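Before any comments, here is the structure.
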Amino acid sequence: MTVTTTRTERPVAAADTDPAGTDLTARATELIPLIREYAAQGTEARRVAPEVIAAIDEIGMFHAMVPTRLGGAGVCLRTAVDATSEIARGDGSTGWVAALMMMGTAFSATWSAPCQDDIFGVGARPKICGVFSPGDKPAKVPGGYRVSGQWPYASGSFAADWASITIELEDGALAMGQIPREAFTIAPTWFVAGMEGTGSDTIVVKDHFLPEYRLQRVSDMFEAEFATPYTDDAIANIPFNAAASVILVAPQLGLGRHALELTRAHLPSKPVAYSIYGEARQSPTHQVSVAKAATNLHIAELLVGQICDEIDSASVTGERLDLETKARIRNDCGTAVELVNDAIAQLLTANGAGSFADANVLNQIWRDSETGARHALVTPDIGRETYGRVLLGNLQPTIVL
């Protein structure tokens, strides 16, 4: 039986006018066999295999949204999400690392010009991880800060050349700072049920001098008011939090596609235990379950596509997203994750208890999806609360948008 994977067709987004976007997604798809070959090794080692990191880097994934002036492809967010979700169709942890490091590297092009020179240099191809939650409060010194502390959940830190860490300034405001690889060590703290291969361990910094020019305030980043002088770059016109939320949905989309792919390959001829159905394809219960799951996945892809196109359009025109739009984006990201999570649960139920065997890839997909769906930026009900408050005229949401 020939099985095809259904993909949502879409018009070309305004920011994606060059062929690099289509090429990147196609090359990501071509990596799926390699990614799956090393997936179990990555889970066991708690970090994506070096061979896979090298292959992803070679196709330009980590620099996909970096401006062309710095050697990146400068693709739009829609393309970045499409390519990332294909990486995740190979393996959830790999897709997660690709998503966060691609976004961390792209937004590093929004720092001050001297900081960009430090990071990207002449011919440099840096990979940058990021931690959004603040660590210990640093000491103010002439020209910058002396930084010490721990930053957990640093996905991809094992492969990073730089790290973006969040600190609290003397006035209580939060800022993100760029630190080079030699400034931190990595403590092994990532022992979890799913997304094991993301290497989301803890960055440890001891008495590192962080100059002012390598800092920018988080509140400015959320409003797309970045430190970069290159304001025509598309990445310089994308609100940080909106992009960070939507990129976290991309691995979920890939996991959902993989679950549906496996189901369509193996379920049709499987007998339905304790029933008259010799094949699941004959069972109305299984037909409806798979249809519901596929519909959920399709709706999630449509939602995410709309979000990306809206953000991409604003990045081209320089228009700033208003509060209601950002609240809706946050809500829709959580809703998309919920739809995918529900779809995967439906597919596991349709496939039966054997789905939870250690040797069954559906088991890994389920654990990865359940773990990734708990990230604070895509929690569904928090997004609904925030969107509802704004819709009802309360313009002081309970989370930062």
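The values are calculated or read from the model by the stated rules, or taken from the named source; none is laboratory data. Every value quoted in this text rests on a predicted model; they were computed, and no experiment measured them. Cβ atoms come from the backbone with ideal geometry, glycine included; neighbour counts cover every protein chain shown.
Some points to look at:
- Within segment 84-127, considering residues that are surrounded by 24 or more Cβ atoms within 10 Å (Cβ to Cβ) and among the β-branched types (Val, Ile, Thr), the one nearest to residue 233 (Cα to Cα): 110
- Looking across segment 57-81, just one residue is of a type in the set (Asp, Glu) and without any contact (Cβ under 8 Å) to a residue 60 or more places away in the chain, and that is 58.
- Scanning segment 41-83 for residues that are crowded, with 21+ Cβ neighbours inside 10 Å and touching a strand residue (DSSP E or B) at 6+ places or on another chain (Cβ under 9 Å) returns 47, 62.
- Hey, residue 201 at pLDDT 95 or above and under 19 Å from residue 164 (Cα atoms) or not: yes
- As a summary of the residue check, residue 376 satisfies the conditions (1) within 17 Å of the chain's Cα centre (by Cα); (2) modelled with pLDDT of 95 or more except for the one numbered (2).
- Matching residues, segment 110-135, being at pLDDT below 95, within 21 Å of residue 230 (Cα to Cα) and among the small types (Gly, Ala, Ser): 121, 123, 124
- Residue that is farthest from residue 221 (Cα to Cα), among those in segment 296-313 that are touching a residue at least 24 places away in the same chain (Cβ under 8 Å) and surrounded by fewer than 22 Cβ atoms within 10 Å (Cβ to Cβ): 298
- All positions within segment 359-401 that are more than 23 Å from residue 86 (Cα to Cα) and among the charged types (D, E, K, R): 381, 384, 385, 389
- Screening 327, 291 for residues that are surrounded by fewer than 18 Cβ atoms within 10 Å (Cβ to Cβ) and of a type in the set (Gly, Ala, Ser) leaves exactly one candidate, 291.
- A residue that is among the charged types (D, E, K, R), farther than 26 Å from residue 233 by Cβ and at pLDDT 95 or above occurs nowhere in segment 307-323.
- Filter result (within 19 Å of the chain's Cα centre (by Cα) and small (Gly, Ala, Ser)) within segment 225-239: 234, 236
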